[in-house]
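Data block below; observations after.
Just so it is clear, none of the values below were taken in a lab; they were calculated from the coordinates. Every value quoted in this text rests on a predicted model; they were computed, and no experiment measured them. Quick reminder, even Gly has a Cβ in these numbers, built from the backbone with ideal geometry, and neighbours come from all protein chains shown.
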Amino acid sequence: RIALLVDKGSFRDISKPIVAGDPLGFVDRKPYRERLREAQEKTGLLSETIVGEAEMGDLPVILVVTDFRFIGGSMGGVMGEQISHAITTAARERRPFILVSSSGGARMQEGILSLMQMAKTVSARHDLEKAGVPFISVMVYPTTGGVLASIASLGDIIIAERGALIGFAGRRVIEQTTGEKLPSDFQTERFAYEHGLIDRVVEREKLREELIHILSFFAA
């Protein structure tokens, strides 16, 4: 994903070297600590969130990418801290901030602490406004739950990748709760676009070109 977007050789990882704790001692079918270890071994990552400095079309940016392979890209304390760190860096260095989200929502294993990250990232977003730094949010498959309900929906420009699933609660949950049948295209990127939730729908192979085009306006 990163290699697809940035200029070759320009990406420098500036993620904080932090890993998730287990504040609740959470256990379901297996302990949370074991899930974390398995996700780290599977992905080679410390967490679901990667932060970096990079260039796109020779234009400097701060880029955050979340990885769905790591416990569904769910938002816990680490994601909240990494996104806040990235926003602070973008505001200080006056680099456009780009967030590429792929997430199943808040991380249940961290309880209320995971929900607090919604408020934390939304609060941090104000630093970009005060600094006059643009924020481009890119939603890919899937962008759901607490991530959609917070930072991912606050971009100055919001782009959805073609084929993205975009929604808060699951389709089945909504239908069972309301007793109503939802449209067949509900929570698709086209549905979100037609209802004013996003600004553009872009094919994956054209995403870099589109981002450079947008960034060039801010750089002019």
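Observations
- Test result for GLY9, touching a residue at least 40 places away in the same chain (Cβ under 8 Å) and either within 23 Å of ASP127 (Cβ to Cβ) or not basic (Lys, Arg) (or both): no
- Residues of segment 126-148 satisfying the condition of being over 13 Å from SER102 (Cα atoms) and surrounded by fewer than 19 Cβ atoms within 10 Å (Cβ to Cβ): HIS126, ASP127, GLU129, LYS130, ALA131, GLY132
- Condition check for ILE87: crowded, with 24+ Cβ neighbours inside 10 Å, within 15 Å of THR143 (Cβ to Cβ), in contact with a strand residue (DSSP E or B) (Cβ under 8 Å, 6 or more places away or on another chain) and not small (Gly, Ala, Ser): no
- Residue, surrounded by the most Cβ atoms within 10 Å (Cβ to Cβ), within segment 58-71, restricted to residues that are among the aliphatic types (A, V, I, L, M) and in a strand (DSSP E or B): LEU63
- Residue among PHE218, PHE186, PHE191, PHE168 that is aromatic (Phe, Trp, Tyr) and farther than 25 Å from PHE68 by Cα: PHE218
- Within segment 126-142, tally of residues that are touching a residue at least 24 places away in the same chain (Cβ under 8 Å) and within 30 Å of ARG162 (Cβ to Cβ): 11
- Single match in SER123, SER74, SER47, SER102 (criterion: of a type in the set (Ser, Thr, Tyr), at negative phi, without any contact (Cβ under 8 Å) to a residue 40 or more places away in the chain and surrounded by 19 or more Cβ atoms within 10 Å (Cβ to Cβ)): SER47
- Filter pass, GLN109 being buried (at least 24 other Cβ atoms within 10 Å of the Cβ), among the polar types (S, T, N, Q) and in a helix (DSSP H, G or I): no
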